[in-house]
Amino acid sequence: MIFSKSGLTTSLFLMLILTILSCKKNVDGCTDSAADNYNTEANTDDGTCNFHGNLNAWYDNTTRDSLLANNVASVTVYIDGEVFTNIYPASVLWSAEPECSTSSIGNWVTMQGVKSKSFSLQVKAFDSSNAEIKQWSETLNITSGTCQLYKIIW
């Protein structure tokens, strides 16, 4: 096969362009489509994926009545020592178990790069002068993409 000088130049130019176009650049980011920060353009996972689960803390009418009878003005839920949510028995009443979803009373629990995590859960009941009346503590496991109800029982 014989190439003219201009044909050879054109062929080399086309091969160079194809080589450049076929080289896939590494785009670092989160490549897990289940993550909150999934990057559709990323082709190299850089370990920055963030996940979350949801938690709804609630109580039934019996517990609400007990909280009020014991002069509880507020209930604070802590996750790993940080305030997660505050509930005020005088103004919050559930007539039935709430729906567990991301759009109801639930709050995000950040998983910080893992899809399942154990958390230290504390619930504290305070009177109107902010004195602690009662405390509940336990370990709670939360999985990414799920919603978990935690029922406070007096």
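What the table shows:
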quantity	calculated
Counted residues, region 61-91 - those being among the β-branched types (Val, Ile, Thr), surrounded by fewer than 14 Cβ atoms within 10 Å (Cβ to Cβ) and in contact with a Phe, Trp or Tyr (Cβ under 9 Å, 6 or more places away or on another chain)	1
Some residue of region 133-140 being over 16 Å from the mean Cα position of the chain (by Cα), in a loop (DSSP other than H, G, I, E, B) and at pLDDT below 95	no
Condition check for residue 114: in a loop (DSSP other than H, G, I, E, B) and within 12 Å of residue 152 (Cβ to Cβ)	no
Residue in region 109-119 that is surrounded by 15 or more Cβ atoms within 10 Å (Cβ to Cβ) and at pLDDT below 90 present	yes
Selection count where residues are surrounded by fewer than 13 Cβ atoms within 10 Å (Cβ to Cβ) and in a strand (DSSP E or B), scope region 121-132	1
Condition met for residue 34 (over 23 Å from residue 138 (Cβ atoms) and touching a residue at least 24 places away in the same chain (Cβ under 8 Å))	yes
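The values are calculated or read from the model by the stated rules, or taken from the named source; none is laboratory data. Computed from a prediction, not measured in an experiment: that's the story for all the values here. Note that each Cβ is placed from the backbone with ideal geometry, even for glycine, and that neighbours are counted across all protein chains shown.
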